[in-house]
Every structure is written in C-alpha cells, then in structure tokens.
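A.B. asks: Sharing a structure, written as structure tokens. Questions coming.
Readers should treat all values here as calculations from the given coordinates under stated rules, not as data from a laboratory. What you see is a predicted model; the values in this text were computed from it and never measured. Don't worry about glycine lacking a Cβ; one is built from the backbone with ideal geometry, like all the others, and counts go over all protein chains shown.
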C-alpha cells in the first residue's frame, strides 16, 4: 500500500514536470547564481529530492520548516572543488529552543583563485590581478504548529564581488512541512531567494565624461559612472513528497521526489532513495533534472556513515557522486555532527 501510494504521488509530480518542461529557459538572467548550488552530500546523493525530508542541518538550505523537528543541536560543513576549479563552501548549525521551535545559522561562499588582468595591448598581463567571490549569511527560525505541521523562515544577506565591483541584497526563504496520516507520508514546500535585485557598482564603471564637447575651455574629464543593470536573484520553488516504504528496527528505505520551478530555467523533477542499515550505514541513489532540456546533470550515487564519537556526540560522513556530462563528475563530501 505504501509503495502504491508513493507511486501515485510520483506520477503526479512527474506529470507536472513533463507538462512544464517545454517552458522557455531563462538561463543566465539572474544574479547570485551560487544560491542555486545545492548543499549536503546526503541530499545530493538522493538526487536533490530533499524538500519533504529535511531532517538534518541541511534543512537550512532545503526547507527551514524541518529545523523544529530536530531534537538535537546539529551542524554540517562541506568544502567542494566545484566546476572550473571554483571552491564552494557551506557550513550551518541548527539549535532547538524547545520541543516546538528552533533557530539556525549558515554561511555559504563561492570563490576562485586570482587571475592576471589581460588586455589587447598587454596579452601577457598588466601586472594586476582580479578575483571574484560570493557570500551568503543566513539566519533561520522554525516552529511546529502541530505535531504534524511545521513552518520555517530564513533571512539572508547576499553579497557578490568582482574585481573592484560589488553588489548586495537581502532575501527570504519560506518553507512548510506536513506529515500526512497516509502511512506518515511527508509533503514539503519551500520558496527560496525571494528578495531585492542586485546591481554591481564600483570604480570599474568609472569614465571621464565631457558634458559639452563643442564648448572650448570646459572640463572634459568629469568623473562619471556607467549604470549597470539590476538582476533578480534565482527564485526557486520546490514541492515534494517523501515516504518510508520500509521502516523496521534494522532497515529503512525512503523514497522521495521533488518538482522544482526555478525563475531562471525550465521546470524539472528530482528523484531519489536512501537505504539505511541500523541507521548507521547508508546507501543512496537518485536522478537530477528529469525533463530539463539540455541538462548535463543526471545520475547521482553516494553513501554515508554515522558514528558515535562520544556518549553525546554523533559524527556523520556523507558522500555524493554527481554526473555532470561533458563537465565531468563532481564529488561532494560533507561532515555532520549532532549532540
């Protein structure tokens, strides 16, 4: 019965994704694209289908409503050598305030090594170097309104830097999580990165301007700045379902599916599963970006280990393999603690 129920939900979500898959892509039309890079070796090994699970510290990213269901202080951290030798880092901590509410803090950064400034006249370099970096600082609050329904909010400060230019903005995430009475199937929804637009500003747009080029004797070197365009952040809407199709003392098998609607791309579907043995050894698999045209993402695989370090401290190590097609594979590791 559990399997039939979950298959019914899967067919529904896949139908939504397939109907929307022909939407016009808006790739490259948003700022702070690093906010769309997903976090957590566990969630990514499950194909990014995690909005209805969100039961560890990575709920700070996937669905803040899950924080109030964590009865321990939990922390997560990861460092990834992303595509094109870009470094992606994420760290977060969730702290329960009571049996019904919790808070969380997280930091996410994207950075690259400095490169030489090259021009047409100085192809070997001008002697100056430039770099680029992104940063997001977030604070979350979650509350369980009933034993089956919880809601969460995340406020974040976002900053981008490119050479001598920078842009900043504020954003909000909202999530809900509901456990149904149909075999405790979980339904989740989140909206991420709803906020103001971003505009790069700095001395790199500085130019000398002559207000009246036909008038003799006027100042022809008035300092002015070119105005850059404003760009929205990548708004992401996720809705998904998760079900423990097998849940016994020694074994657990969880299946999950998310339908994702990003503001800067067409809709797609993520699917994944996790098998747990004694809640200590984990095997995971999934598939990302179903129905997304020209996507390089696909199969995801991974696993994890949970180990009790001290009487009150547990360590979790998670790994995810992500197939990126012509961009080669990406390996994601993350460490988690709860105490």
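A.B. asks: Provide the gained length on full extension for the span residue 248 to residue 214, in nm with one decimal, where the gain is 0.36 nm per separating residue minus the Cα-Cα distance.
C.D. replies: Computed gain between residue 248 and residue 214 is 3.7 nm.
A.B. asks: Can you sort 148, 284 by how many other beta carbons sit within 10 Å, fewest first?
C.D. replies: The most exposed by this proxy come first: 148, 284.
A.B. asks: Can you tell me, using C-alpha contacts under 8 Å and at least 6 residues apart, the relative contact order of the chain as a whole percent?
C.D. replies: Across the chain, relative contact order equals 21 percent.
A.B. asks: Taking only DSSP H segments of four or more residues, each worth -39500 (n - 2.57), what value at 222 nm results for the chain once the sum is divided by all its residues, to the nearest 500 deg cm²/dmol?
C.D. replies: Helix-only estimate at 222 nm: -2500 deg cm²/dmol.
A.B. asks: Ranked highest first by average number of other Cβ atoms within 10 Å, how do 114-125, 166-177 line up?
C.D. replies: Taking the mean over residues of other Cβ atoms within 10 Å, the ranking is 166-177, 114-125.
A.B. asks: Pick the calculated semi-axes √(5λ) of the Cα gyration tensor in Å for this structure from (1) 37, 21, 18; (2) 38, 27, 21; (3) 42, 21, 20?
C.D. replies: (3)
A.B. asks: Fully extended, how many nm does the chain gain between residue 205 and residue 147 (0.36 nm per residue separation, minus their Cα-Cα distance)?
C.D. replies: Gain in length upon complete extension: 15.4 nm.
A.B. asks: Rank-order 263-274, 318-329 by packing density, defined as the average count of other C-beta atoms within 10 Å over each peptide's residues, highest first.
C.D. replies: 263-274, 318-329
A.B. asks: Quick one: if you stick a label point 7 Å off each Cα along the C-beta vector at residue 197 and residue 310, how many nm between them?
C.D. replies: The answer from the label model is 5.1 nm.
A.B. asks: On C-alpha positions alone, give me the angle between the axis of helix 2-20 and the longest principal axis of the chain, in degrees, nearest 10.
C.D. replies: 20 degrees
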